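The structure appears right after this line, and notes come after that.
The values are calculated or read from the model by the stated rules, or taken from the named source; none is laboratory data. Just so it is clear, the structure is predicted and the values come from calculations on it, not from any experiment. Positions of Cβ are generated from backbone atoms using ideal geometry, with glycine treated the same way; all protein chains shown enter the neighbour counts.
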Amino acid sequence: MTSHGTRTDEEAEDLDVEEALALVKENPGPSGPSHGDHDHAATPAPATHHGDHSHHGAHGAHGPHGAPHEQADSHHRATPWPEARATAERAARAAVRAARRAPLAAPLDAALGLTLAAPLTALTDLPSFDTSAMDGWAVAGPGPWTVRDEGVLAGHAEPAPLTDGEAARIATGARVPLDSTAVLRTEHGRTDGRNRLQATRDVVHGQDIRPRGQECRSGDQLLPVGTLVTPAVLGLAAAAGYDSVTAVPRPRVDVLVLGDELLTEGRPHDGLIRDALGPMLPPWLRALGAEVRAVRRIGDDAEALHRAVTTSDADLVITTGGTAAGPVDHVHPVLSRIGAELLVDGVKVRPGHPMLLARLKDDQHLVGLPGNPLAAVSGLLTLAEPLLRTLAARPAPEPYTLPLRDAVHGHPYDTRLVPVVLRGEGAVPLHYNGPAMLRGIAAADALAVVPPGGARPGQEAELLDLPWATGGIGVCFT
Ligand SMILES: Nc1nc2c(c(=O)[nH]1)N[C@H]1C(S)=C(S)[C@@H](COP(=O)(O)OP(=O)(O)OC[C@H]3O[C@@H](n4cnc5c(N)ncnc54)[C@H](O)[C@@H]3O)O[C@H]1N2
Ligand code: MOO
């Protein structure tokens, strides 16, 4: 939860999404202190290289497909990793300006994970009546008191006022009778057989009465625009009288899964493999704030891809596979056919360097994730996360670093994202981190950002939390 300053009711009244975005704390920059520290580039790559299979195509120079000069060109075009994230965020800001999607009234049971587009202003005093904080007796004046026959329960009819010297049994949360001077807890009073109540310790005026308006007055601002709706926010909104909250709409995402080799059930056979991305991406995207509308399997069919992209009205189209230069890699040709503008065409990151970001329309983008599953995760966190976060007006996570327990082999020029588990005060790199592997990430708490040249044991690395490992809203997978 982040506070983003306060606004008055009048200012908030016709607040649109763009303004909501402007109030969300500026991203301090996707790279943390450890990234872009050029000293790292000069660090010799540590010798240990457990289970690291990321050298597949690592230098981008002479792959099995494509002429060497094409590969050299594509490496030249590749965007540095921090810049790619910043470009994705900028693209989303421009899309928000272009689309001006109206804030929505989200019922409380559908609002988790959204961002407030209007301040949460109390619709009532809280508490809305003088309330007993304890089970015991409401008393008037100094004791001893005569206990009246009728007690007061929470949610029941308004009790008659007390007269001086009178007491009434009262339950926690019940309305305190008018002219009560205190509530005496059950354990601090004694009654005799004739309904006479005696305090067993001093009674302070007003004790254990929660006066009306103690927490807020009707009209007070409880939370500013830009606040992430957490379970606690839902509770507060309900307490303050809301049935729905005014929120930034979720960005809509269509997922297009490419590849003729993909099976949707059973074991891999005859050169066919299971689609790992169809099941993985939708819940992950939802954790990033998106509404996933369609997951479509397109095969390696350029026409079908063209049709799916041009008929989508999602804010973001995500494709998987087909980003490289192979004979059935249709993403680039389709983008150029429809005149899309490539904002990012390759990123200096391993795995995932063929990832791309294109502008389809002023308010519609496409993120092309590479087909290798860990490369797809890399693209998801590099391009889709900043884009969706900005469209959803969520605050950027605070960058943080931890020391790496072990050395991590580096790429000579590119950033590496390496699955790690967080143990004590440090991050332990996991071994199964090859681009086609999910074994490491499935056991991981975070991805470590390893600068070009690698990292020594004990070296601080920026960490990207995974939604299920953070204590944040991501765990809710709304
Ligand atoms: N000549 C070159 N070839 C390749 C390069 C290169 O630079 N030059 N880069 C390699 C890298 S790195 C990656 S990553 C991949 C990216 O490939 P694509 O995005 O075109 O993806 P595909 O070729 O369609 O698939 C790659 C790989 O991933 C498997 N795959 C695809 N979709 C899924 C899915 N939904 N679930 C599980 N696995 C999937 C697919 O079967 C392939 O094995 O290109 C390299 N080639
Ligand atoms: O190294 Mo690729 O970008 O397999 O991910």
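So the values come out like this:
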item	result
Segment 392-432, residues that are touching a Phe, Trp or Tyr at 6+ places or on another chain (Cβ under 9 Å) and among the hydroxyl-bearing types (S, T, Y)	T415
Residues within segment 429-461 that are surrounded by 24 or more Cβ atoms within 10 Å (Cβ to Cβ) and assigned to a strand (DSSP E or B), tallied	7
Selected residue (only one of L178, L184 is out of contact with any strand residue (DSSP E or B) (no Cβ under 9 Å at 6 or more places or on another chain), in the same structural domain as G136 (by TED's automatic domain parsing) and surrounded by 12 or more Cβ atoms within 10 Å (Cβ to Cβ))	L178
So L388, is it of a type outside the set (K, R), within 16 Å of ligand 1 (Cβ to nearest atom) and either on the phi > 0 side of the Ramachandran plot or in the same structural domain as L277 (by TED's automatic domain parsing) (or both)	no
Residues of segment 261-280 that turn out to be under 13 Å from A376 (Cα atoms) and within 16 Å of ligand 2 (Cβ to nearest atom), as a count	3
Cβ pairs under 7 Å, 6+ apart, first in segment 206-225 and in contact (Cβ under 8 Å) with a residue 12 or more places away in the chain, second among the aromatic types (F, W, Y) and part of a loop (DSSP other than H, G, I, E, B)	R212/F129
Any hit, segment 288-305, residues being under 24 Å from the mean Cα position of the chain (by Cα), within 12 Å of ligand 1 (Cβ to nearest atom) and assigned by TED's automatic domain parsing to the domain that holds A94	yes
Among the residues listed as T323, T311, the single one being within 28 Å of T390 (Cβ to Cβ), among the polar types (S, T, N, Q), assigned by TED's automatic domain parsing to the domain that holds A436 and buried (at least 16 other Cβ atoms within 10 Å of the Cβ)	T323
Odd one out for R267 among (1) farther than 30 Å from L360 by Cα; (2) in a loop (DSSP other than H, G, I, E, B); (3) in contact (Cβ under 8 Å) with a residue 24 or more places away in the chain; (4) not assigned by TED's automatic domain parsing to the domain that holds T146	(3)
Residues (within 11 Å of ligand 2 (Cβ to nearest atom) and out of contact with any strand residue (DSSP E or B) (no Cβ under 8 Å at 6 or more places or on another chain)) located in segment 320-349	A324
Single residue of L234, L258 found to be away from ligand 2 (no atom under 16 Å from the Cβ) and on the phi < 0 side of the Ramachandran plot	L234
Condition check for G352: on the phi > 0 side of the Ramachandran plot and within 16 Å of ligand 2 (Cβ to nearest atom)	yes
Near pairs, Cβ below 7 angstrom, 6+ apart or cross-chain, from segment 363-379 (without any contact (Cβ under 8 Å) to a residue 60 or more places away in the chain) to any residue that is within 7 Å of ligand 1 (Cβ to nearest atom) and among the β-branched types (V, I, T)	G368/T323
Cross-chain or 6+ apart pairs with Cβ under 6 Å, segment 275-286 first and assigned by TED's automatic domain parsing to the domain that holds A384 and more than 12 Å from V255 (Cα to Cα), then near ligand 1 (Cβ under 6 Å from one of its atoms) and assigned to a helix (DSSP H, G or I)	A276/P373
